[in-house]
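Below you'll find the structure, written out as structure tokens, and then a few comments.
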Amino acid sequence: MSMSGPLIFERSVPGRRGYAVPPGDVPAVPPGDVLPEDHLRAAPPRLPEVAEFDAVRHYTRLSQANFSVDTHFYPLGSCTMKYNPKLNERIAALPGFAWLHPLQPAAQAQGILQLLYELEQLLCAITGMAAFTLQPAAGAQGELAGLKIIAAYHRRKRRARSTILIPDSAHGTNPASAALSGFTVIQLKSGPDGLIDLRELRRKLTKDVAALMLTNPNTLGLFEREIKTIAALLHEQGALVYMDGANMNALLGISRPGDMGVDLLQLNLHKTFSTPHGGGGPGAGPVGVAKALEDFLPVPRVRKVGTRFRWEARGRATVGRVHGFYGNVGVLVRAYAYIRTLGREGLARASRAAIINANYLKVRLQDTFPVPFDDHCLHEFVVTLKALRARGISAGDVAKRLLDYGCYAPTVYFPLIVEEALMIEPTETESKETLDEFAQALRAIAHEAQHNPELVRRAPQRMVVDRVDEVKAAREPNLRWVEPDPSVQAAGSKPHAAPPLGSG
Amino acid sequence: MQVPAELRYTKTHEWMRQDANNEAVVGITAHAQEELRDVVFVELPKVGQAVKQGEPSAVIESVKAAFDIYAPVSGTVSRVNEAVANTPQLVNQDCYGKGWLFAITPTAPAETASLLSSEAYEKQIKA
């Protein structure tokens, strides 16, 4: 593996500093006088000692080796890697937002409280739900909060319900969140069309089911056409319908989960509402609920009294607090800016464009790679690369080769119901030219697979870091830098990274 | 593809071997380990744990994803293969031998009738 340079630790020179601290004008207190002994370090942490300039060069160089939405096409299925408008950043950087302290009294923070209140109202209008909490900091945390609400609801009704039904096309976080909340997960096998099979649902829908957790559109990019029937079946049994709203980018201004019979859902603002994502920033996973579940929402909640806004810290049946203060407020400001910029019609146009882009790309690729569950897709679609197996090439190999062509790799091997899956989500922000280039790149790779398979199996070749050993990394994770043994260094050996954790 | 005739199989790609002492040893098939590719982590059940036919009883994680392993028959876990927890690649190297996962003392021996023969399993993976 060719690395692009030394680690920041390896650049360290004892005593080198990037700044000078002015002499203190308050008396120094030894840490031992104010902190318990077991909280004190015996030796200072071994931080790299470098000049500011070294740090700037080091991290600038690393950032330039990165793939991001701002540098490359990023069709990472299920993640909605749309462009993050820079206007969002300008709004979030306004001093009135950026300089607020979370403990500022509500009387001095009326602006942000109004924004949060209005964002909740906007999300209610978009989804058809009755109320929202903006607290959860990620989609999966939203799921967890949603499941706590489901459990609290059944407790209140004095119903013993211990299972959650989850289709096999759901996001992997769904069964994980349900298990973490103490529920037993029962999987629903998809029908031949890739949708929920009503007979399978009826068979597994017992009086022990607390809720169905479904993703709509599902991870194949298909809309659950029978959603109203599905919701009615659940409700007849006294169970709830939870919708993973991670794929909401297909539905804005077109249809509302609240109108489909969904009782609660989480949104992923960092997907659908254009806030930074992945390494680019923290997430936000607000949870919306139907009227009957409003009392269970986490506290505090923002209330409007007359023309003023205030925190309400208590709730009769609340599941409690799920985040310090009120979630990732900077992210919430960006999502608000996005919704206000596009407006109702703009959001609907964004979803329509996302659907058109995905369908266009699917048709452009259909001669190269088949789509096993082939229907009009919504915002994303899943192709199978099964045919390349005969050439000893996997979906992962093709994904890595795409990096050489300047495209970020789509999601691979997911959902599990498609063999050698590539899950492609172009989003609305890409032009026809970019989609054509991507289709061209995949066709070129399919050609290479037939005529020069080694090129694909060894990809990437043009990146700063070439093919890494994922198996070794998973089996023997080497997660931290350990100072090289000075006796080894004195003998003239090159300092090297630490031995793997757990091997000795 | 290797599908030993003396074993019984599930649709979900587990194999089961009935031992003389009435213990049922469980692993995954050659087809399954090839589909999964390099196995990097195995989570085994606990000895003494009750398992039910068709329900998740172990987890295998590969570079591709994490997969549930379903119990071929109901019973109590009598032994687990510690070696495979420490050296997960055994599942790839020797799935019918050193890469076995756990053993069950069956509580409903009649369930074995619902398992697939090697011919039936071979037919399924070729379909």
Can you name the residue in region A:1-23 that is of a type in the set (Gly, Ala, Ser) and either at pLDDT 90 or above or assigned to a helix (DSSP H, G or I) (or both) and, of all such residues, is surrounded by the most Cβ atoms within 10 Å (Cβ to Cβ)? A:Ser12
Working only within region B:6-54, note down all residues that are among the charged types (D, E, K, R) and more than 23 Å from A:Tyr413 (Cα to Cα). B:Glu6, B:Arg8, B:Arg17, B:Asp19, B:Glu23, B:Lys46, B:Lys52
Scanning region B:3-45 for residues that are among the basic types (Lys, Arg) and assigned to a strand (DSSP E or B), the one farthest from the other protein chains (Cβ to nearest Cβ) turns out to be B:Arg17
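Would you mention how many residues in region B:91-118 are assigned to a helix (DSSP H, G or I), over 14 Å from B:Gln53 (Cβ atoms) and in contact (Cβ under 8 Å) with a residue 12 or more places away in the chain? So that I can check it myself, show each step before the final result.
So in region B:91-118, the residues assigned to a helix (DSSP H, G or I) come out as B:91-93, B:109-114, B:118.
From what's left, over 14 Å from B:Gln53 (Cβ atoms): B:91-93, B:118.
Next, from what is left, pick out any that are in contact (Cβ under 8 Å) with a residue 12 or more places away in the chain: B:91-92, B:118.
Summing the residues that are assigned to a helix (DSSP H, G or I), over 14 Å from B:Gln53 (Cβ atoms) and in contact (Cβ under 8 Å) with a residue 12 or more places away in the chain in region B:91-118 gives 3.
Where residues in region A:404-426 are in contact (Cβ under 8 Å) with a residue 60 or more places away in the chain and of a type in the set (A, V, I, L, M), which of them is nearest to the other protein chains (Cβ to nearest Cβ)?
If we filter region A:404-426 for residues that are in contact (Cβ under 8 Å) with a residue 60 or more places away in the chain, which is where we start, we get A:406-411, A:414-418, A:422-426.
Filter once more, so that each one left must be of a type in the set (A, V, I, L, M): A:409, A:416-418, A:422-424.
Values: A:Ala409: 14, A:Leu416: 6, A:Ile417: 12, A:Val418: 12, A:Leu422: 13, A:Met423: 12, A:Ile424: 18 Å.
Step by step, filter region A:404-426, then rank; the result is A:Leu416.
Matching residues to (1) farther than 30 Å from A:Ile8 by Cα; (2) touching a strand residue (DSSP E or B) at 6+ places or on another chain (Cβ under 8 Å):
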position	(1), (2)
A:Glu52	no, no
A:Phe67	no, no
A:Asn88	yes, no
A:Gln108	yes, no
A:Gln121	yes, no
A:Ala131	yes, yes
A:Arg90 passes all but one of (1) farther than 23 Å from A:His171 by Cα; (2) in contact (Cβ under 8 Å) with a residue 60 or more places away in the chain; (3) out of contact with any Lys or Arg (no Cβ under 9 Å at 6 or more places or on another chain); which number fails? (2)
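Please tell me if B:Val84 is over 28 Å from A:Lys386 (Cα atoms) and within 14 Å of chain A (Cβ to nearest Cβ).
yes
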Which pairs have Cβ atoms under 8 Å, sit 6 or more apart or on different chains, and link a residue in region A:460-476 that is more than 9 Å from every other protein chain (Cβ to nearest Cβ) and among the charged types (D, E, K, R) to one that is part of a loop (DSSP other than H, G, I, E, B) and surrounded by 14 or more Cβ atoms within 10 Å (Cβ to Cβ)? A:Asp466/A:Pro460; A:Arg467/A:Ala459; A:Arg467/A:Pro460; A:Glu476/A:Pro500
Hey, does region B:91-102 have a residue that's surrounded by 22 or more Cβ atoms within 10 Å (Cβ to Cβ), touching a Lys or Arg at 6+ places or on another chain (Cβ under 9 Å) and away from chain A (no Cβ under 14 Å)? yes
Taking the condition in a helix (DSSP H, G or I) and over 30 Å from A:Glu425 (Cα atoms), does A:Glu49 pass? no
Identify, by number, the condition in (1) more than 33 Å from the chain's Cα centre (by Cα); (2) at pLDDT 95 or above that A:Tyr83 doesn't meet. (1)
Go through region B:53-81 and report how many residues are within 11 Å of another protein chain (Cβ to nearest Cβ) and either of a type in the set (S, T, N, Q) or outside any strand (DSSP E or B) (or both). 6
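The values are calculated or read from the model by the stated rules, or taken from the named source; none is laboratory data. All values derive from a computational prediction rather than experimental measurement. Here the Cβ is made from the backbone with ideal geometry for all residues, glycine too, and neighbour counts use every protein chain on show.
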